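The next block holds one structure in the form of structure tokens; read it before the comments.
The values are calculated or read from the model by the stated rules, or taken from the named source; none is laboratory data. Everything numeric here is computed off the predicted structure, so don't read it as measured data. FYI the Cβ positions are ideal-geometry reconstructions off the backbone, even for glycines, and counts take in every protein chain you see. Note: accessible area is taken over every heavy atom of the protein model, side chains too, but ligands, DNA and RNA are not part of it. Shrake-Rupley method; radii C 1.70, N 1.55, O 1.52, S 1.80 Å.
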Amino acid sequence: MKHNNDTAKPSKLLEDLHTLVSEAEKLIGNTDVAPHPDALSKLRDRFEASQERLTELYADTRKQVVAGAKYTDTAIHDKPYQSLAIVAGLSLIVGLLLGRRGPAA
């Protein structure tokens, strides 16, 4: 089951999970009345849908990280001297910026 981009966003998923937990706490906290079976069923369905979306989000993120790592590895192996020069330049800039801060007072 694929979702559109809006529902696959981590912030939307996190918001949905917070809502789901809040509703579950209300059902559990209301000890005066036994939860209606339909309410539990709907809550379970929403939990399973959220779990599926989280699994999809994890898989997509993992693919992006692996692709980025492979691209970086290829770029470094194809141009090792340029890669070293870039790292050395960035290190020099960071070192200069940190050195300009001076001693902490």
Once label points are set 7 Å from the Cα along Cα→Cβ at both T61 and L90, what is their separation, rounded to one decimal in nm? 2.2
D73: accessible area at probe 1.4 Å, nearest 10 Å²? 80
What FRET efficiency do you get for A49 and Y71 if R0 is 35 Å and r is their Cβ-Cβ distance, rounded to the nearest 0.05? 0.60
Once the whole set of protein chains is in place, how much accessible area is left on R46, using a 1.4 Å probe, in Å² to the nearest 10? 90
Treating the beta-carbon of each Lys and Arg as +1 and of each Asp and Glu as -1, no other charges, what is the dipole magnitude of segment 25-88 about its Cα centre, to the nearest 20 debye? 220
What pairs in K26/K63; K9/K70; K12/K63; K9/K79 have C-alpha atoms more than 29 Å from each other? K26/K63; K9/K79
